[in-house]
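Participant: Mind looking over this structure? Questions follow.
The values are calculated or read from the model by the stated rules, or taken from the named source; none is laboratory data. What you see is a predicted model; the values in this text were computed from it and never measured. Here Cβ is always computed from backbone atoms with ideal geometry, including for glycine, and neighbour counts include all displayed protein chains. Heads up: the accessible areas ignore ligands, DNA and RNA and are worked out on the full protein's heavy atoms, side chains in. Shrake-Rupley method; radii C 1.70, N 1.55, O 1.52, S 1.80 Å.
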Amino acid sequence: MDSYDVLVIGGGPAGYVAAIRAAQLGFKVACVDAFERDGKASLGGTCLNVGCIPSKAMLDSSEKYEMIQTEAEEHGIHVQGASVDVSKMLSRKNGVVDKLTGGIAYLFKKNKIQSFHGLGRLVRQDEGGWVVDAAGTEVVARHVIVATGSNPRELPIAPFGGHVVENSGALSFEAVPGKLGVIGAGVIGLELGSVWRRLGAEVTILEALPGFLMAADDAVSKEALKQFKKQGLDFHFGVNISRVEQDDSGVTVTYAEGDQEVTARFDKLIVSIGRVPNTQGLGAENVGLELDERGFVRVDSHYRTNLPGVYAIGDVIGGAMLAHKAEEEGVALAEMLAGQAGHVAYDAIPWVIYTSPEIAWAGLTEKAVKEQGLSVKTGQFPFSANGRALGHGDPRGFVKVVADAGTDKILGVHMIGANVSELIAEVVAIMEFGGSAEDLARTIHAHPTLAEVVKEAALAVDGRALHM
């Protein structure tokens, strides 16, 4: 059997990054991945193939179309007869995906990583390490990294198929649905609902929870709901769905809202109610790999499972199901295997929702800080007082900084507005170094930039914002 120092099962953000970093550190590495797109092997997992990347491509295309329809005139740009070619939009999206997934295949070759296409299964422990069935070929590895990711959670009364789809199906509609239903008002539901709403669909979002974006800061979730309702998204909270029936022409959803039973008819229905760990075919039960009560692989703080030489990272171990969290775990684990001090700062992981306006945050909300018994001070500054935002024609939203009242340490930063997915990075850097609101406030920001709003919010923590 061929032998490797490190064998990674899964080629998504956690797996491919772990493989590349391990190869950079001098290990002999292999990666086995079963993902296929259009019948062909395609590295990158859910994120690159049917998640993060294609959704952002579609969000960008749909936002440009809406800009032409609703904002171009304000800039003195006259456009007549603008229309949508969905097939061409999908083709562009697929081209972006092809370029990035092909890039990973190139990086594997560059770093001399052996790639196997198919399922990876733990077989048995051997003198040389673990025997793994890598797509039908048995190999042995000293270290095995399980990075098999997650799958969309299925609603038992609405199995995927036909007009009921998950994220990948929602990125491949051949035409704009007239009426689109979305179950789940989380990140995926909001982003995909936004894509098709901009292109002309009438979108209804059904959420079981009583409130909106309850993980976000209250000020952000309140502003976001106001903006999304203004755009035409129709939200219903605290609903209890009892029946989902589909026929050749669409889907009928019956749900209770308060004491009222409602029946709604949709052309398509997106179910986005979370994700579940993917351990199918891994052979966990045969080798005794321990899973928790929800099916996630149990690991310690060094990503070690209960089996010596077997590790796990990414969505399959739970926590924040984010590609960048998974990537950082891949880097950290590879460095630990090399005897280095790999580390992930879980308290400073950025969260982003790529709607319009965008939403981003890192750290604790004001409410969470108070629940921990800490005294807090906050500063908030609107984009409506920022020159660059006004020049862009998008002054929506604000930045809010949450700091410890005693030490001034930044505990959380929360943003809603244009391009906040980019603005959150500087805050994460400050937080990684244990920085204070004063540190952020005294950092020089170029003018005019949207980033000045971050500085002003930090200044506002001590009541000394300059431009408001």
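Participant: Rounded to the nearest 5, what is the percent of antiparallel bridges among the DSSP beta bridges in the chain? Could you put the intermediate results ahead of the total?
Facilitator: Working: 58 of 90 bridges.
Antiparallel bridges: around 65 percent, rounded to the nearest 5.
Participant: Hey, quick one: spin label on S301, modelled 7 Å out along Cα-Cβ, who in the range 343-372 has an amide N within reach, i.e. under 18 Å?
Facilitator: 343-349
Participant: Dipole magnitude of the chain about its Cα centre, charges +1 at Lys/Arg Cβ and -1 at Asp/Glu Cβ only, in debye to the nearest 20?
Facilitator: Values: 42 positive and 59 negative charges, 140 e Å.
Using Cβ point charges on Lys, Arg, Asp and Glu, the chain gives about 680 debye.
Participant: Now, a different point. Looking only at Cβ-Cβ distances, which cysteines of the chain have no other cysteine closer than 4.7 Å?
Facilitator: C31
Participant: Around Y303, under 15 Å between beta carbons, what's the net of Lys plus Arg minus Asp minus Glu among the other residues?
Facilitator: Values: positive: R21, R298, R304, K325; negative: E290, D292, D300, D315, E327, E328, E329, E335.
That works out to -4.
Participant: With Cβ to Cβ distances under 15 Å as the rule, what net charge do the other residues near E371 carry (K, R +1; D, E -1)?
Facilitator: On the way: positive: K367, K370; negative: D217, D218, E366, D404.
With Lys, Arg at +1 and Asp, Glu at -1, the net is -2.
Participant: While we're on this one: So who's got an amide H within less than 5 Å of the one on V8, skipping anything under 5 residues away but keeping other chains? H placed 1.01 Å off N, in plane.
Facilitator: A30, C31, V32, I145
Participant: What accessible area, in Å² to the nearest ten, does a 1.4 Å probe give for D408?
Facilitator: 20 Å²
Participant: Sorted by mean Cβ packing within 10 Å, highest first, what order do the peptides 123-131, 57-65 take?
Facilitator: Working: 123-131: 15.1, 57-65: 18.8.
Top of the packing list down: 57-65, 123-131.
Participant: Enumerate the amide H contacts of L411 below 5 Å, restricted to partners 5 or more residues apart or on another chain; note that Pro and chain-start residues carry no placed amide H.
Facilitator: Result for L411 returns V402, A403, D404.
Participant: How do 302-310, 9-17, 39-47 rank on mean C-beta neighbours within 10 Å, highest first?
Facilitator: On the way: 302-310: 17.0, 9-17: 30.6, 39-47: 20.6.
Output ranking for 302-310, 9-17, 39-47: 9-17, 39-47, 302-310.
Participant: I would also like to ask the following. Would you mind putting 138-145, 156-163, 452-459, 323-330 in packing order, based on average other-beta-carbon counts within 10 Å, highest first?
Facilitator: Details: 138-145: 21.8, 156-163: 13.2, 452-459: 25.6, 323-330: 24.1.
Per-residue mean Cβ counts within 10 Å order the peptides as 452-459, 323-330, 138-145, 156-163.
Participant: Starting from the Cα-Cα distance between E73 and V276, subtract it from 0.36 nm times their residue separation and give me the gain in nm to one decimal. Please list the in-between numbers first.
Facilitator: Numbers: separation 203, 0.36 × 203 = 73.08 nm, distance 4.53 nm.
Full extension from E73 to V276 adds 68.6 nm.
Participant: Still on this model: Scan (i) 68, 61, 47; (ii) 68, 55, 48; (iii) 73, 58, 38 for the value of Cα extents along the principal axes in Å calculated from this model and give just the label.
Facilitator: Checking each listed value against the structure points to (i).
Participant: What is the calculated FRET efficiency for T252 to K64, with r their C-beta to C-beta distance and R₀ = 30 Å, to the nearest 0.05? It would help to have the intermediate numbers written out before the result.
Facilitator: Working: r = 34 Å, r/R0 = 1.13.
The formula returns an efficiency of 0.35 here.
Participant: Multiply the residue separation of D218 and T449 by 0.36 nm, subtract the distance between their alpha-carbon atoms, and state the gained length in nm to one decimal.
Facilitator: This chain segment gains 80.6 nm when fully extended.
Participant: Using θ = phi - 60° and the Karplus relation 6.51 cos²θ - 1.76 cosθ + 1.60, list the HN-Hα couplings for the range 176-192 in order, rounded to whole Hz, with x at every Gly or Pro.
Facilitator: In residue order, the calculated couplings are 6, x, x, 10, 10, x, 10, 9, x, 9, x, 4, 5, x, 5, 5, 6 Hz.
Participant: What are the lysines whose alpha-carbon lies under 19 Å from the alpha-carbon of K455, with same-chain residues fewer than 8 places away excluded?
Facilitator: Output for K455: K377, K400, K409.
Participant: While we're looking at this one, here's another question. Cα centroids of the range 242-256 and the range 174-229: how far apart, whole angstrom?
Facilitator: Cα centroid to Cα centroid, the span is 19 Å.
Participant: For the range 271-382, with all protein chains present and a 1.4 Å probe, just round the carbon and sulfur fraction of the accessible area to a whole percent. If you can, show how the numbers build up before the last one.
Facilitator: Working: 2300 of 4970 Å².
After summing per-atom areas, the C and S share lands at 46 percent.
Participant: Per 0.36 nm of contour for each residue apart, how much would the distance between K88 and K409 grow if the chain were fully extended, relative to their Cα-Cα spacing?
Facilitator: Working: separation 321, 0.36 × 321 = 115.56 nm, distance 4.87 nm.
Gain on extension, K88 to K409, equals 110.7 nm.
Participant: Hey, another quick one. Please work out the Cα center distance from the range 118-167 to the range 41-81, rounded to the nearest Å.
Facilitator: Using only Cα atoms to place each centre, the spacing works out to 32 Å.
Participant: Local charge sum around L180 (other residues, Cβ-Cβ under 12 Å, Lys/Arg +1, Asp/Glu -1)? Working shown, then result.
Facilitator: Numbers: positive: K179, R197, R198, R265, K268; negative: E202, D234, D267.
Neighbour charge sum, excluding L180 itself: +2.
Participant: Where the centroid of each part is defined by its Cα atoms, how far is the range 278-321 from the range 406-455 in Å?
Facilitator: 35 Å
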